[in-house]
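The values are calculated or read from the model by the stated rules, or taken from the named source; none is laboratory data. Note that the structure is predicted; figures quoted are calculated from it, not measured. Ideal geometry is used to build each Cβ from the backbone, glycine not excepted, and the neighbour counts take in all protein chains shown. The protein model used for the area step is the full one, side chains on, heavy atoms only, and it has no ligands, DNA or RNA in it. Shrake-Rupley method; radii C 1.70, N 1.55, O 1.52, S 1.80 Å.
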Amino acid sequence: MIAWRRIFPGSMPLNRDESNSTTKRIAVIPGDGIGPEVTREAIKVLKAATSGQRPQLEFTEFDWGADRYLRDGTTLPQDAVAMLRRDFDAILFGAVGDPRVPTNKHAADILLGLRAKLDLYVNLRPVELFDAALTPLRNRSTNDVNFVVVRENTEGLYVGMGGQFQRGTPHEVAVQEDVNTRKGVERIIRYAFQYARQHNLSRVCMSDKSNALTFGHELWQRVFSQVKDEYPDIESRHLYIDTLVMEVVRDPTQFRVIVTCNLFGDILSDLGAQLAGGLGLAPSGNIHPGRISLFEPVHGSAPTIAGKNIANPAGAILASALMLDHLGLAPQAEALRKAVRTAVREKHTTIDIGGTLGTREAGDWLAEYITKNPG
């Protein structure tokens, strides 16, 4: 049995201690645009993959998004972070962003707020080509595009430090500060090497722009030089970010694990997603090892196609596989990936990657496939 609860104002979930140890509690934040559509299909497929197994999954939905913000001004409730830490094992996230909120305040408060306040310092973005017909690269097989981007997720240019002086005048000055700490840089580089070792991946490439960003990224250089010596079994390499993006396009087979800063990782992983068939197939995990972590598709809220039953649910489903990995449910995670690979290969997909199915129908096919082909 898989439980489902919805949490709205005036209602609080049970403490996780009140659940038995055979239950994993998942906080669900569908959000905006196509977020609720793809999240619904991800949960459908998760139910199929874990039905009748231990541990059980229990889903609790939260209405944090543009509708709630426009209704009562709530973005991330004051007690949300403490409650999530206390009561949940993972967060399944849809997407946030809505044209009715031009400042995007609610999206920043919810997603960036959870990343920072839960200290989700790893943004893990696998890049895997499921069908050679989907890549824009010529004469490339599914084995050629298969790497993971490990993006630092809590520092860099995304921390929001800076300001504007004489805004709106001809003399306006805007300053955005790039924050790099020894702790933050070291832990993300170390995670990349540990991930490579754990997954039997032989190469780690660190990318920065230390030839121009001579303070912050020189720190990346020094830390990488020290940490790599602790992993003599893994080939280490450094490339400046402009060289790296050229090389990823020219010959993606060079790369297995790429670790980089927040901004560069954001851009690079979208490039990787395009090489693997588009954002509709791209998952991500916002992770703090051993703690509650958040899993989401990369594609964003895509408001122009919301409600049309054409959004690709594969990214959300592959993000759910990352969530299952984080929860220690590797066989179930692989069942999700196998189903998506099969669907893409046989074109039981949405139209953006060559199929004819709608969002719901694609989710139905994947759930049925998993039910018939468990584990």
I'm trying to understand the selection: among the residues of segment 44-81, which are in contact with a strand residue (DSSP E or B) (Cβ under 9 Å, 6 or more places away or on another chain), among the β-branched types (Val, Ile, Thr) and outside any helix (DSSP H, G or I)? THR60
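Look through segment 246-262, keep the residues that are aliphatic (A, V, I, L, M) and open to solvent by 50 Å² or more (accessible area, probe 1.4 Å), and return whichever of them is nearest to ASP178 (Cα to Cα).
Only one residue tops the list, namely MET246.
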Hits in segment 293-319 - residues which are more than 15 Å from the chain's Cα centre (by Cα), of a type in the set (A, V, I, L, M, F, W, C) and open to solvent by 10 Å² or more (accessible area, probe 1.4 Å): ALA302, ILE305, ALA306, ILE310
How about segment 213-231: which of its residues are closer than 18 Å to VAL257 by Cβ, surrounded by fewer than 16 Cβ atoms within 10 Å (Cβ to Cβ) and hydroxyl-bearing (Ser, Thr, Tyr)? SER225
Which of the residues that make up segment 61-73 are surrounded by fewer than 19 Cβ atoms within 10 Å (Cβ to Cβ) and touching a residue at least 40 places away in the same chain (Cβ under 8 Å)? ASP63, ASP72
Members of segment 358-375 found to be open to solvent by less than 60 Å² (accessible area, probe 1.4 Å) and part of a helix (DSSP H, G or I), listed by number: THR359, ALA362, GLY363, TRP365, LEU366, ALA367, TYR369, ILE370
Go through segment 117-165 and give me each residue that's under 15 Å from the mean Cα position of the chain (by Cα), farther than 20 Å from ILE353 by Cβ and of a type in the set (D, E, K, R). ASP119, ARG151, GLU152
Could you tell me which of the residues GLY277, GLY355, GLY290, GLY285 is open to solvent by 30 Å² or more (accessible area, probe 1.4 Å) and outside any helix (DSSP H, G or I)? GLY290
